[in-house]
Each structure stands twice: as structure tokens, then as C-alpha cells.
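Since the structure comes first, as C-alpha cells, the remarks are kept for the end.
Bear in mind that the values in this text are calculations on the coordinates, not laboratory data. Values in this document were obtained by computation on a predicted structure and should not be read as measured data. FYI the Cβ positions are ideal-geometry reconstructions off the backbone, even for glycines, and counts take in every protein chain you see.
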Amino acid sequence: MSHDDTTDTTDMTDTADIEQRVRSAAAASRTAGVEVIECDPDLADTAAFCEAYGYSPEDSANAIVVIGKSDPPTYAVCVVLATTRLDVNRVVRKRLGTKKASFAGAGDTEALTGMTVGGVTPFGLPPGLPLWIDAAVMHRERIVVGGGSRSCKVVGPPQMLLELPDVEVVDSLATPAGVQ
């Protein structure tokens, strides 16, 4: 999705609206066992959340907005396990079709999705925004991902992600942490 697409994000800036969109998308899932759980916003970051709420970091998945440095810029959302590292310089850059790619900044992430960093989720994304899921995510029994804000998370089998628009499972989108 390029930045100057005509996607209207004006209704995506209110936290309550975003959380409602996420809750609606989770409730509409045909995958059994999908739920939205509340969390302390100060504990929304992966390590703190897992420790405080008893989730394994291996079951935690992060939704990351990436930008391809082109004119206009191109964007995608990548979902990778918290114990892995998104391969932005090779796999993401190549998939975006750009010479350079990077993590989108907090301002771009919020402007594009209406979500704050630490709460970005694949649920409730604007139409037309590519959603790439690292294949390793699909091998977990259940995952926990952001809930659209820092106040909630979505928990369920990773198959729930396959119901979302513009989704594609990508082999080797991420590498084990510490491997380059």
C-alpha cells in the first residue's frame, strides 16, 4: 500500500474506535478460542506482558509496520514471533520491491493504522494494507498479538490470522534472534 492511497484513516485515530474494530474482528473469527484480553498499558511491551500475565515469549507475536523507501513509500504489516527478528533488509525489502526498507516510525505507524506502537495488531487494519505472517507463527498452538491499543491483546490459535484481509504466510520472513 502506498502512502498516498486514498485510504481514509480519519476514523482510525480514536482508541475506543480501534479497540471496537479489533473486538469486532476477533468476535467474527470462525476460529475457535479467539479472545480479547485486557492488560495494563504499562505492561504492553512483550517481555513485561509475558512476565506479568504468564505467557511464553515463544507464543507472543509482534505486528510491525514496515516501509519501503520509494516514491510514494510502500507499507506492509509483518507478524513475527517475539523470539525472532524480522528480516527487513532482505526479505521485506525484496517483497516491497524497493532498494531500501525499514521499520516505520511511530508517527507513520499511527497515521497508517490508527494504532500506537506496543498495541499494533493484524486485526482491524485499513483495507489494502498487505499483511505478511512469518510461517513460524503458524506452527504455534496459540499466539498473543496486540489488540489495537496498549490496553488489550488478542489471544488464539494462529489460524485466526488466515481469515484476515490481504494476508499471506511468508517463509523465512524472520530469523531466529541473534542470527543475521
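Could you give the Stokes-Einstein D for region 38-180 in µm² per second, using the C-alpha Kirkwood radius, 10 °C, 1.306 mPa s?
Details: Rh = 15.0 Å.
The calculation lands on 106 µm²/s.
Provide the gained length on full extension for the span LYS69 to ALA47, in nm with one decimal, where the gain is 0.36 nm per separating residue minus the Cα-Cα distance. Intermediate values should be presented prior to the final figure.
Details: separation 22, 0.36 × 22 = 7.92 nm, distance 3.01 nm.
Stretched fully, the LYS69-ALA47 segment lengthens by 4.9 nm.
I'd like the FRET efficiency for ASP17 and LEU162, computed as 1/(1 + (r/R0)^6) with the beta carbon distance as r and R0 of 35 Å, rounded to 0.05.
Efficiency at R0 = 35 Å is approximately 0.90.
Can you order the peptides 48-60, 18-30 by their average number of other Cβ atoms within 10 Å per residue, highest first? Show your work: numbers first, answer last.
On the way: 48-60: 15.2, 18-30: 17.2.
Result, highest mean first: 18-30, 48-60.
Express in nm, to one decimal, how much length is gained between LYS100 and THR31 on full extension, taking 0.36 nm for each residue of separation and deducting their alpha carbon distance.
Numbers: separation 69, 0.36 × 69 = 24.84 nm, distance 3.65 nm.
Length gained, LYS100 through THR31: 21.2 nm.
Evaluate the relative contact order of region 10-173 (contact order divided by residue number), counting alpha-carbon pairs under 8 angstrom at least 6 apart; express in whole percent. Can you show the working numbers first?
Details: 351 pairs, mean separation 49.5, N = 164.
Once normalised by length, the contact order is 30 percent.
Show me 152-165, 112-125, 34-47 ranked by packing, highest mean number of other Cβ atoms within 10 Å first.
Ranking the peptides 152-165, 112-125, 34-47 by packing returns 112-125, 152-165, 34-47.
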